[in-house]
Amino acid sequence: MKNLKFKRNGLILVMILSLVAFFSCDSDDDNDLEGQPPVINSVSTAVGNEQTDVGFANNMYVIRGLGFASTQKVFFNEVDTYFNATLVTDKVIIVQIDEDTPYLDTTNELKVVTANGTATYPFIVAPPAPRLKSFNPVNAADGETITVYGSFFIDPVVTVGDVEVEVLNLSINEFQIVLPSGSDREYISVETISGNSISQYAIGTAIYDDIWYDGWDIESWNNQEYITNGDAAQGLTYFKKDMTGWDNIQGNWSWNDQLEGYSGIRFSVRADEPGKLKFVFNGNWDDATAPNFDVTTEWVQQEFTWEELQNATFVQNISFQEYTGNGGVYHFDNFGYVLEE
């Protein structure tokens, strides 16, 4: 669900002011209702003007009814929600649902409090759209159980490719599924009332997903440290190295030339402080041809095509060099292949 934030969207501002002006024109016709308690007749989206009984945090809505001129409070699920008095007429309140409004085990009710009384209206505040962060193990086979990690998993419908699967051991932040037949190289999708989220990578494409596959690894002389603390980009475990300026972390040499269906390679990186790394692929340390990239303090999935890697037809080695000259602590996770589109 796209957030339509009032303060950041000039088009919405013009539209809202137009709505207020329109409903203000005939407010005097209802002077005979002065002193009467408010009545809520409907709620609609500020953009599109679609009547709805379901709202989303950080989005604007138009409450329609009568007796709103003396509005003192607006509540969604008992959360005292800020409203701008200039966006209130006797017939209309335009308000943005607060991002901290609860959506589980709550009243599912909109309430408007005025000087003359209170009006309530059944209204559901939906959770944010689901976020599928990762799943593990990536290289699970058909019939095996994997765990999916993320957030806002409220009554999800889960598919692997185009096959809907049963959700097991569901919590708001994770669940499990059993992979159906034909899962290899398929993506996982999670859909709720609020939207959908698709995995960034496909089943069966991992080089590292808490463990190394097919002979790939990083020898201990690199002095890397494996960490399991809930902060992994994928699964549960990642590794980090405190690198001095121009230092490196070198993978073992192996071989894979079965790259059909893959367009390139991926991995996730972050750093304690913003930095830069050179991607040393298949032993290419040449500054002129080896790609380098900025590293932020958040996990970012980096992807490089075979064309960007000197038209590679095989994978032999994966290494990195610290490229600021100042050093830093770098974290690595989620190595694998990118499927062709």
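The table that follows gives values for the structure above.
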{"item": "For the chain, average projected area of the Cα convex hull in nm²", "result": "21.1"}
{"item": "Dipole-positive endmost among 116, 46, 156 within the chain (Cβ charges, Cα centre)", "result": "116"}
{"item": "Net charge, residue 203 excluded, C-beta distance under 13 Å - Lys, Arg +1, Asp, Glu -1", "result": "-4"}
{"item": "Translational D in µm²/s for segment 115-180 (Stokes-Einstein at 20 °C, 1.002 mPa s, Kirkwood Rh from C-alpha pairs)", "result": "155"}
{"item": "Per residue, in Å², the accessible surface of the chain once ligands and nucleic acids are set aside, probe 1.4 Å", "result": "49"}
{"item": "Charge dipole (the chain, unit charges on Cβ, about Cα centre) - positive-most of 81, 299, 202", "result": "81"}
{"item": "Prolate/oblate/rounded call for segment 89-219, Cα gyration tensor, a/c under 1.5 rounded", "result": "prolate"}
{"item": "Evaluated at q = 0.28, 0.29 Å⁻¹: base-10 log I(q)/I(0), Debye formula over Cα of segment 211-269", "result": "-1.31, -1.32"}
{"item": "Per-selection Kirkwood Rh - segment 50-90 (Cα, Å, 1 d.p.)", "result": "11.6"}
{"item": "Charge dipole (debye, nearest 20) of segment 183-341; +1 at Cβ of Lys and Arg, -1 at Cβ of Asp and Glu", "result": "200"}
{"item": "Backbone N under 19 Å from the residue 80 label point (7 Å along Cα→Cβ), restricted to segment 107-125", "result": "107, 109-120"}
{"item": "Length gained when the stretch residue 73-residue 311 is fully extended (0.36 nm per residue, less Cα-Cα span)", "result": "79.4 nm"}
{"item": "Carbon/sulfur fraction of accessible area - the chain, other protein chains in place, 1.4 Å, %", "result": "47"}
{"item": "Cα gyration tensor shape of segment 211-311, rounded if a/c is under 1.5, else prolate or oblate by comparing a/b with b/c", "result": "rounded"}
{"item": "Over the chain: helical MRE at 222 nm, DSSP H runs n ≥ 4 each giving -39500 (n - 2.57), nearest 500", "result": "-1500 deg cm²/dmol"}
{"item": "Surrounding net charge for residue 78, when Lys and Arg each add one and Asp and Glu each subtract one, Cβ distance under 9 Å", "result": "-1"}
{"item": "Calculated from backbone phi, Karplus (6.51, -1.76, 1.60) coupling profile of segment 288-305 in Hz, x at Gly/Pro", "result": "6, 10, 6, x, 10, 8, 6, 10, 9, 7, 10, 4, 10, 7, 8, 10, 10, 7"}
{"item": "Added length on full extension, which subtracts the Cα-Cα distance from 0.36 nm per residue, residue 227 to residue 246", "result": "4.5 nm"}
{"item": "Rounded, prolate or oblate (a/c below 1.5 giving rounded, otherwise prolate when a/b exceeds b/c) for segment 274-341 by Cα gyration tensor", "result": "oblate"}
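The values are calculated or read from the model by the stated rules, or taken from the named source; none is laboratory data. This one's a predicted model, so the numbers in the text were calculated from it and none came from an experiment. Backbone-built Cβ (ideal geometry, glycine too); neighbour counts: all protein chains shown. Accessible surface is based on the protein model in full, side chains and every heavy atom, while ligands, DNA and RNA are left aside. Shrake-Rupley method; radii C 1.70, N 1.55, O 1.52, S 1.80 Å.
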